[in-house]
Each structure stands twice: as structure tokens, then as C-alpha cells.
Amino acid sequence: MRDGYRRASARRNFVLIGALICLALVMVLDLTTGPSGMPLVDVWHGLLAGPAGDDRMVATILWQLRMPQTVMGVLVGACLGLAGLQMQTILGNPLASPFTLGFSAAAGFGAALAIMFGSLIPLPGFIVIPACAFAMTLVACALVYLIARLRGATPEILILGGIAVLFFFQSLQSLLQFLASPEVLQQIIFWLFGSLLKSSWTSVTVTAAIACACLPFIAGSTWALTTLRLGDANARSLGLSVEKIRRHTFLIVALLTAGAVSFVGTIGFVGLIAPHVARAMVGEDHRFSLPLAAMTGAIILIGASVFGKFISPAAVIPVGIITAVAGVPMLFAVIAKRGQRGLA
Amino acid sequence: MTARLVLRDVDVQHGRAKVLSGVSASIKAGQIVGLIGPNGAGKSTLLNAIAGQLSTKGKILWSGKPVDARDIGFMPQQCQVRADLSVLEVILLGRHEQLGWRIADDIMSAASRILAFFAIGDLAARSMQTLSGGQQQLVLLAQRLLREPQLLLLDEATSALDVRHQMHVLRLLKDYVARTGALVLIAVHDLNLAARHSDTVMLLNGGRLVGHGAFDTVITPDVLRSVYGIDAEFIPSQSGISVILPLSPTSIEANPMEETP
């Protein structure tokens, strides 16, 4: 029995290592693709030479343009994957994703607000949109959190509160779009597409800092989240403070989502699919499924970035569009694999 | 000094309905206590109240102190698992507070022992989703015992088991009590099972404790008629414990059903 468990754990570790290798490969592929092209050898030399390399063109393209986008893609994909799995666990709902509770709608409204009235906000120009998107995501989180505090943090209350918040911010977003001039409307819509082209080392630093701040809690709650998968009644009877873990995880999900979408815009489906892929491959033990969901999210997003640059090198298609289109067949594939055992 | 569970004027209210009213008892550890009574009598409510899952009035003390979650192993009535976790993983979660990134050898050994104790070692690698209701019940019971609780609260924990497994589990509980001196409170509907495997019984009716003591002193033909609304025959058996054979219901409307949590 013990050997069987060790074998199962070893297999899961192999899957994690495989995912890590896969992620490294797509990252390299992402670095080699772009409007100006760059062979693998040049990328390799450029990486070894560092940002201050002799070949200024290679150094600039690689370290100032592509690298921030690639690293941002990894961070955003990982944050959405992690947030998605945690969300599905605390809500016991396979349809949940970081956007279920209206976080993306709130971020979109914040961004639209900043695009329209950014000049009135006393912040440096490059940070106004992400700051507003981030702040609005936290406002959405606070609203749902408040509802959960008042009525109990049950999955039903969280989902219903989230849907109310989602519609509220979507309506406000629509109102701003209705009032905006055609030029401003175009900017709002481009932001909502979700694109890694908006990445910079500043956005990478901020998103990485948020993710790092959340990691200790995520690592510390792996067993609690796994226990929650036994159902509320079992988890509670095993001494788990179900509502507390649900509220704390909800805050972490809000932070991760805000960190992810504030800089690059709305990116759908990653947070929904990555958890399903992770569970299908390593099961429900969150020691394995959380890191795999993060890596799967990153692989999907970087893969979408590569695909976008490959099919349209001149005008890169935003990753948000590709993940939404590619997400549907991927979801079908996951459903087919899981079959009658269910997705939850 | 033997531990003791003390209930003092325990009341539980669901909305306007009082589902438990003035329950008082003092129960010595080292025994299996059968919690019996008709549907809606308050058995589940009492177990949930002792487990700290409900807000209550009155006092519930274990060894003179309020019940600590670490002392108890509670298995509620509705606890089917739908997650794709293996049996061994579910057993290990019985000690989720002590688990780290690597499972400690002593916890793994304890899980192996408990699987062997319940004779379900062959299920260790199976997913919970592939088990029958009865098999899941066995696994979840084993999980609770991994915590080695001093106070084990079981709400119809053998309801999905066949007769052989019911007897097996109740014998295991008896061994567990003999080994650890724990107190087991088990809600059961089968009166014959309660008679055979409980040291004492507590009879609840309409949210009140109406009898507490040895089975044959609590359950009599008159009590069956007034509490359960049935006429029954008590057939002597070789074991010395009478077998209750229900004959006919007296009146069904005499026992209004109440909501249980």
C-alpha cells in the first residue's frame, strides 16, 4: 500500500517535471517568435549576453520587448490557473473561474474609467489604468466579501453575490462605453481584449510581487483545500473552519486575479481550463494540482501568445482572443477525458 | 478519573421550532451509547450540538471542559464524497492538520493500520468516486478513527452497510472502546442492533430525552407503543437479548416529523 502511494506520488512528480520542461520549451518558442523574427541561436546568445549584450538590437528586442511579455505571460497564466483551481475548490463548482465573481468586469470598468478620466487622476500615466483596474477588482472583492460576512460564506452566497457584482460592473462598463467618444471606445475595447503587448518590467515586478505575497498562504492551505473537497459536512466535522478558509482563499483569488488582469486586460478561459487539466493529470491532492494548475495556465497563455504571433506576425492577435477561441475545444477535450466521473 | 460527557439543559432552536429541549445527561466514557428514537426525535441535532456544529443553549462538557474539536471524531449523516481522491488520501485527511509537504512515516503507518483494522487495505488505491455508499461509509469511519478521538459521534454511520459489515464495524468500535477508553455515541434506527451492540441507550422523542440506561430497561412494549407508535413482540433469544419483532403501527399521525439538520 505504501509502495503504491509512493509510486502514485512519483508519477505526479514526473508530471510536474514534464510540465516544467514543457513550460520552458514554450517560453523559448515565445522568445523566438515575433514581428522581427529571431533564430534560436541568436536568442540563446542574447540570453547569455544579458540586457547589456554587444548586439544592441538583439538585446533590445529580447530584453526590453519579448522577455517582459513572456515572463508576464507566465505570471498571468500561473496566477489565473492558481486562482481558478482555488475558486473551483472553495465553491465546489467546476464552472467557477476567477471571473465568476465579477472580478474581470470590475477590472474592465476600472480600466475604462481610467481611459476616460485618467488625466484627472494624480498618478503617473503608465500606472493609471492598471491602478484603477486593480482598485476596482478589490472593490468587487470587498462587495462580495461583505455579502459573505453578512450572510455566511457558503458557495451559494458567494456565487450569487458574485453574479450581482458581475452584472453591476458590466452595466457600469457598458455605460462608460456608451458615453465614450469613438477613439476612447476603441482604447477601452482593446484593453478588454487582453494582450501581453501591454507588458513591461514594471508590470512584471508588480504582478510577481503580488504572486509571491500570496504564495505562503497558498502553500499553507494545500491540505485545508484538499480537505474541503470532501464536502462541507466532512471538512467541518474534521475540525476545519470551512467559512474561514473560504473567505481567506477568496481574498487570495481576488489579489491574484487583480494582479493578473490589471496590466494585460481580460483573459478568459485560462482560469477555467487549467484547473481541469491539472486535476485530470494529478488528481485532487492540492500539493500537486496547485503547482500544475499554475504551470498549465502559464503554458496555455504562452502557447496562445506563440500561436497569435505565428499566424499574424505583423499585427499580433491579442492572447485574450486566442485563449477564448482555443478554450472551447480544450474544454471539450477535458470533458471527454473525465467522462462520467464528473468534472467536480 | 474516567472522562464523562455532561449535557446540562441543552436546547437547540431552528428558526422558531425548538428541536432539542432541556436535554440533560451524564455519560461515562468507555462505552458505546446507542442514540435511538423515531424520525425527527432530535438524534442528529444532539450529535451536531455536541460536535459544536450548532449554536446551543445549556452546557455541553467533556471531562469538565467545553468540547474541543481535537477530542472528537464526528461523522454526520450526509457525508458522501464526490471528489476524485483515493481511499488512502481520504484516510490521511483525517489528520490534515498534521500533514506536511511530505507525509510523515508515523501518520502513514497509522493509516496503514487503520485500513488493516477495517479490512479495507485492498481499496487503498481506489478512487472514492468508484466506491459504493457502504464502502464510502467504511472509509469515512476509518478516517475518523485515524484521529483517535476520545469522543466519537456517529450519525447512522452503519446505515449503508450490509448486515455482515454492520456487525464487523460495531465489533471494531467495541475493540476501539476497550483499547482507548473512548466514548462512542451512535445514532441508530435498528433497535435490535442497538440492543445487541450498545452498552446503554438514550431514547429521544420530540426533542426530549425520555429514557437513558440499559436497553431492556428503556425499551418496553409500552414505550414502543407511545414513542414509536408500534406494537411489537419481544422474542427471547439464545444470547439473552430479546429480539424485537414489529407487528403493526398504531397511528402514524401521533408522531409529527421535525426537521433535522
Next on the checklist: Positive end of the dipole of chain B, charges at C-beta (+1 Lys, Arg; -1 Asp, Glu), about the Cα centre: which of B:66, B:76, B:189 has its Cα farthest in that direction?
Outcome noted: B:66
Next on the checklist: Taking just the alpha carbons, could you work out the radius of gyration and Dmax for the protein assembly as shown, both in angstroms?
Outcome noted: 29.6, 100
Checklist entry - Where does region B:80-148 land on Rg(C-alpha)/(2.2 N^0.38 Å)? => result 1.00
Checklist entry - What's the FRET efficiency of residue A:187 with residue A:212 using the Cβ-Cβ distance as r and R₀ = 30 Å, to the nearest 0.05? => result 0.45
Checklist entry - Across peptide B:77-84, how many C-beta atoms of other chains are within 10 Å of each residue C-beta, on average? => result 6
Checklist entry - So, counting K/R as plus one and D/E as minus one, what does the shell of residues with Cβ under 13 Å around residue B:121 add up to? => result +1
Next on the checklist: Charges at C-beta only: +1 for Lys and Arg, -1 for Asp and Glu. How large is the resulting dipole of region B:80-148 about its Cα centre, in Debye rounded to 20?
Outcome noted: 120 debye
Checklist outcome for this item: In the structure shown, of A:244/A:309; B:59/B:174; A:244/B:18; B:18/B:174, the pairs separated by more than 32 angstrom at the C-alpha atoms are A:244/A:309; B:18/B:174
Next on the checklist: I'd like to verify something in chain A: which complete DSSP H helices, judged by Cα projection on the helix axis, reach 30 Å or more and average at least 1.0 on the Kyte-Doolittle scale?
Outcome noted: A:67-91, A:125-151, A:155-179, A:242-264, A:286-311
Checklist entry - residue A:284: net charge of surrounding residues, Cβ under 9 Å, Lys/Arg +1, Asp/Glu -1, itself excluded? => result -1
Item to check | Rg over Rh, two decimals, chain B (C-alpha only, Kirkwood Rh) | outcome: 0.97
Checklist entry - In nm, to one decimal, how far is the residue A:205 label point from the residue B:220 one, both placed 7 Å along Cα→Cβ? => result 8.5 nm
Checklist outcome for this item: Of all trypsin sites (Lys or Arg not before Pro) in region B:73-162, the ones in DSSP coil with at most 13 other Cβ atoms within 10 Å are B:102
Checklist outcome for this item: Residues whose built amide H sits under 5 Å from the amide H of residue B:35, excluding neighbours closer than 5 in sequence, are B:186, B:187, B:188, B:202
Checklist entry - Which translational diffusion coefficient, to the nearest whole µm²/s, is obtained for region A:70-341 from the Stokes-Einstein equation, given a Kirkwood hydrodynamic radius over C-alpha pairs, 4 °C and 1.567 mPa s? => result 69 µm²/s
Checklist outcome for this item: Averaged over residues of A:3-9, the number of beta carbons from other chains lying within 10 Å of each residue's Cβ is 3
Checklist entry - Where does region A:73-219 land on Rg/Rh, using Cα atoms and the Kirkwood Rh? => result 0.98
Item to check | Leading residue at positive end of dipole, chain A (Cβ point charges), from A:72, A:314, A:157 | outcome: A:157
Checklist entry - For region A:183-235, what is one quarter of the convex hull surface built on the Cα atoms, given in nm²? => result 6.4 nm²
Checklist entry - Relative to the Cα centre, what is the charge dipole magnitude of the protein assembly as shown, using +1 at the beta carbon of each Lys and Arg, -1 at the beta carbon of each Asp and Glu, and rounding to the nearest 20 debye? => result 560 debye
Next on the checklist: Below 15 angstrom from the Cβ of residue A:73, what's the summed charge of the other residues (Lys, Arg +1; Asp, Glu -1)?
Outcome noted: +2
Next on the checklist: Starting from the 7 Å offset along Cα-to-Cβ, what nm value, one decimal, do you get for the label separation of residue A:331 and residue B:163?
Outcome noted: 5.1 nm
Checklist outcome for this item: Along the dipole axis of region A:198-344 (charges at Cβ: +1 for Lys and Arg, -1 for Asp and Glu; origin at the Cα centre), the most positive-end residue among A:242, A:261, A:336 is A:336
Checklist entry - Dipole of region A:70-341, Cα-centred, from +1 at each Lys and Arg C-beta and -1 at each Asp and Glu C-beta, to the nearest 20 debye? => result 480 debye
Checklist entry - What fraction of the DSSP beta bridges in the protein assembly as shown is antiparallel, stated in percent and rounded to the nearest 5? => result 60 percent
Checklist outcome for this item: For region A:1-87 the chymotrypsin sites (Phe, Trp or Tyr not before Pro) that pass both the DSSP coil test and the at-most-11 other-Cβ-within-10 Å test are none
Next on the checklist: Pairwise over distinct Cα atoms, reciprocal of the mean inverse distance: report the Kirkwood radius of region B:1-56 in Å, one decimal place.
Outcome noted: 12.2 Å
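Read the figures in this text as sums done on the coordinates, not as results from a lab. Please read these numbers as outputs of a predicted model, since none were measured by experiment. Cβ sites come from the backbone with ideal geometry, for glycine too, and all protein chains shown count toward neighbours.
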